[in-house]
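What follows is a short report on a single structure.
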Amino acid sequence: MDTEKFTRNTTLLLCFAAGFCDTLTFVAAGELFSAHVTGNFIVFAYDIVKHSDHQSWQKLLTFPVFILAVMLGGQIAKKTSNIYTLLVLEALLLLISGVVSVFLLNNGQGSGWQVQLVAILIVIAMAFQNTFGKLFNKATYGLTTVMTGNVTQASLDLIKGITAANTEVWTSFKKQITLIGGFLMGCLAGALMAKQYGLVAVLLPAVLMLAWLGANKLLRQTIA
């Protein structure tokens with residue numbers, strides 16, 4: 001196996017999934033962030049000031065759910081010999097989210113507890129991806145769910161590469177661009193599909209992840 005190519009593809013897939021899910025829930029689940037959950041603090045504060053959403057408090061539920069899911073993910077990772085178990089679980093949760101959306105929501109759209117249920121499932125899936133990134137940081141080029149740190153590193157690499165002409169710095173810069181580019185593609189796809197299909201669109205990253213895991217025999221190894 002080409003390790004570098006595998007790591008790059010893993011990075012792109014996870015960044016795409018995170019960008020897709022974050023944008024999808026923001027557009028189709030009442031401006032809720034599923035990957036960058038601390039962003040919900042900002043939306044909650046905005047809603048309070050503007051009195052624009054009497055149910056905005058529900059956004060705060062994502063925070064304890066996320067914390068508990070990360071703790072659970074850490075325990076699962078500790079008890080398995082395959083580091084990709086968390087990604088298998090993430091993909092299955094996204095798949096379940098899509099199936100639930102088909103049966104509970106009208107064309108992927110709706111309000112109330114049905115949307116909250118789907119959103120919470122996606123938040124748990126993203127918590128598992130965040131946990132994977134923290135525990136197994138060599139498996140990707142960097143954090144795949146929040147891009148601020150990656151943009152900062154890319155900026156530092158860019159100026160250092162220009163001023164010092166360092167080959168290693170340019171290699172790091174390319175990795176940061178891979179992270180940011182994958183996330184951006186996910187955001188664009190998530191926005192377009194959320195508008196067209198609603199939360200049902202979460203089936204796309206679910207299928208992509210399961211196909212990738214299966215193609216690399218990671219799904220079979222983990223379940224076995």
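Using Cα atoms only, what is the angle between the long axis of helix 167-197 and the major principal axis of the chain, expressed in degrees (0 to 90) to the nearest 10? Once rounded, the angle reads 20 degrees. Karplus-derived 3J(HN,Hα) values for region 8-20, using 6.51 cos²θ - 1.76 cosθ + 1.60 with θ = phi - 60°, are 5, 5, 4, 4, 4, 4, 5, 5, 4, 4, 5, x, 4 Hz; glycine and proline are entered as x.
Order of LEU92, LEU219, LEU14 from fewest to most other C-beta atoms within 10 Å? Mind showing how you got there, number by number?
Values: LEU92 16, LEU219 21, LEU14 28.
Fewest-to-most ranking of LEU92, LEU219, LEU14: LEU92, LEU219, LEU14.
Here the contact order of the chain, divided by its residue count and restricted to Cα pairs under 8 Å and six or more residues apart, works out to 37 percent. To test your reading of the geometry: what angle, between 0 and 90 degrees and rounded to tens, separates the Cα axis of helix 62-79 from the longest principal axis of the chain? Around 50 degrees separate the two axes.
Of all lysines in the structure, the ones whose alpha carbon falls short of 21 Å from that of LYS59, not counting any fewer than 8 places away in one chain, are LYS50, LYS195.
Each residue of region 119-130 is assigned a 3J(HN,Hα), and the resulting list reads 4, 5, 4, 5, 4, 4, 4, 5, 5, 5, 5, 4 Hz, derived from the Karplus form 6.51 cos²θ - 1.76 cosθ + 1.60 (θ = phi - 60°), x at Gly and Pro.
Listing ILE122, ILE180, ILE48 from the residue with the fewest other Cβ atoms within 10 Å to the one with the most, what is the order? Kindly include the intermediate steps, with their values, before the conclusion.
Values: ILE122 30, ILE180 18, ILE48 12.
Lowest to highest Cβ neighbour count: ILE48, ILE180, ILE122.
With respect to the chain, whose longest principal axis is taken over its alpha-carbon atoms, helix 148-164 is tilted by about 20°. Of THR62, THR131, THR152, the residue with the greatest mean-square motion in the GNM of the chain, using alpha carbon springs below 10 Å, is THR152. Distances between placed amide hydrogens fall under 5 Å for TYR141 paired with THR11, all partners being 5 or more residues away or on another chain.
Structure note, pairs LYS5/LYS217; LYS79/LYS217; LYS134/LYS217; LYS5/LYS134; LYS79/LYS134; LYS79/LYS174: Cα-Cα distances above 25 angstrom occur for LYS79/LYS174.
The numbers here are math on the coordinates, done by the rules we state, and not lab data. Fair warning: this is a prediction, and the values are worked out from it, not measured in the lab. Positions of Cβ are backbone-derived with ideal geometry, glycine not excepted, and every protein chain shown enters the neighbour counts.
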